[in-house]
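The values are calculated or read from the model by the stated rules, or taken from the named source; none is laboratory data. Here the structure is a predicted model, which means the values were calculated and not measured. FYI the Cβ positions are ideal-geometry reconstructions off the backbone, even for glycines, and counts take in every protein chain you see. Just the protein is used for accessible areas: all its heavy atoms, side chains included, with ligands, DNA and RNA removed. Shrake-Rupley method; radii C 1.70, N 1.55, O 1.52, S 1.80 Å.
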Amino acid sequence: MMRRPLLAANWKMYKTLSEMESYVSAFLGLVSGITDRDIMLAPNYTCLGDMVSLLDGTHVVVAAQNVFYEEEGAFTGEISPLMLVDIGVGSVIIGHSERRHIFHEDDELINRKMKSAISHGLCPILCIGETLEERESGETTKVLARQLSRGLKGLRERDMKEIVVAYEPVWAIGTGRTATMDQIQEAHRVIRERIQDMAREDIAENLRILYGGSVKPVNVKEIMSLEDVDGALVGGASLEPESFAQIVRFEEN
Ligand code: 13P
């Protein structure tokens, strides 16, 4: 099993253009020469184009935090997959828990976004995860299975090779409360098994599953050592270049 680690920063609604520029120049120095893993930054929309230019020719890639499914039209405030591809963005986060819970995105909308992103050649990172209430009532497995089957509905086997899944328990996001190692490994195993049911064994085996939810330099090494964890999707601790660089170099912590 040789899944390449992916360390991704989700900046959420933080940073101005000049803050992005100074981050990038510091960060590139801190991660230079690290080529055995994928490093991804997902800034806000106003930083996207400039970040693509700044990172052109480097080993750090750029992702968007959201996308709409239509190419163009009367959809005030939305950004299309065509527009992301046009400025050189290669990946996009879809169905983040903040999109689901604050902006009421449902599995059907998320599924449309997944299909559209794939058809435009974008690598989608599908985020799934249970709420505290769902976990406490023993529904975690059911919730993850439902979010996967609905979110990935209608994808062909070859599409399934293009995706990344991020497990982000809602109760661990931005709370400082990380899931336990057992909870993380169990959820990731459930996700891989479900993908195996939906696609082929080798596709499930090669699928990268990221963990997100209060990942920090102090806990990333242990999280990354879990069998079915292939990377991290990091919010708060990705906002400082030193902190995210430490996460990227997880085995040195
Ligand atoms: P935190 O790392 O701030 O908990 O956020 C996780 C997250 O939502 C990444 O997408």
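State whether the chain is rounded, prolate or oblate according to the following rule on the C-alpha gyration tensor (a ≥ b ≥ c being the square roots of its eigenvalues): a/c under 1.5 gives rounded; otherwise a/b larger than b/c gives prolate, and the remaining case gives oblate. Rounded shape, in that the Cα axes give a/c under 1.5.
Measuring spread by the Cα atoms of the stretch 114-253 yields a radius of gyration and Dmax of 14.9, 41 Å. Alpha-carbon geometry of the stretch 65-162: the Rg and the Dmax are 14.0, 45 Å, given in that order. Close amide H contacts of I79 (hydrogens built in the peptide plane, cut-off under 5 Å, sequence separation of 5 or more or a different chain): F68. Once the gyration tensor of the Cα atoms in the stretch 53-114 is diagonalised, the equivalent ellipsoid follows with semi-axes of 23, 15, 9 Å, ordered largest first.
Counting heavy atoms of the protein chains only and a 1.4 Å probe, report the per residue accessible area for the chain as a whole number of Å².
That works out to 46 Å² for each residue.
Estimated at 0.36 nm per residue, the fully extended path between E139 and M13 surpasses their Cα-Cα distance by 42.3 nm. Taking other residues whose beta carbon is less than 10 angstrom from the beta carbon of V170, and scoring Lys, Arg as +1 and Asp, Glu as -1, yields -3. For N44, the residues 5 or more places off, or on other chains, whose built amide H falls under 5 Å of its own are Y14. Under 5 Å from the amide H of A64 lie the amide H atoms of S91, V92, I93, each residue being 5 or more positions distant or on a separate chain, with H modelled from the backbone and absent for Pro and chain starts. Classification of the stretch 1-61 by its C-alpha gyration tensor yields a prolate form. The axis ratio a/c (a ≥ b ≥ c) is 1.5 or more, and a/b outweighs b/c. Once neighbouring chains are kept in place and the probe is 1.4 Å, which whole percent of the accessible area of the stretch 1-158 is contributed by carbon and sulfur? Heavy-atom surface of the stretch 1-158 belonging to carbon and sulfur, 1.4 Å probe: 52 percent.
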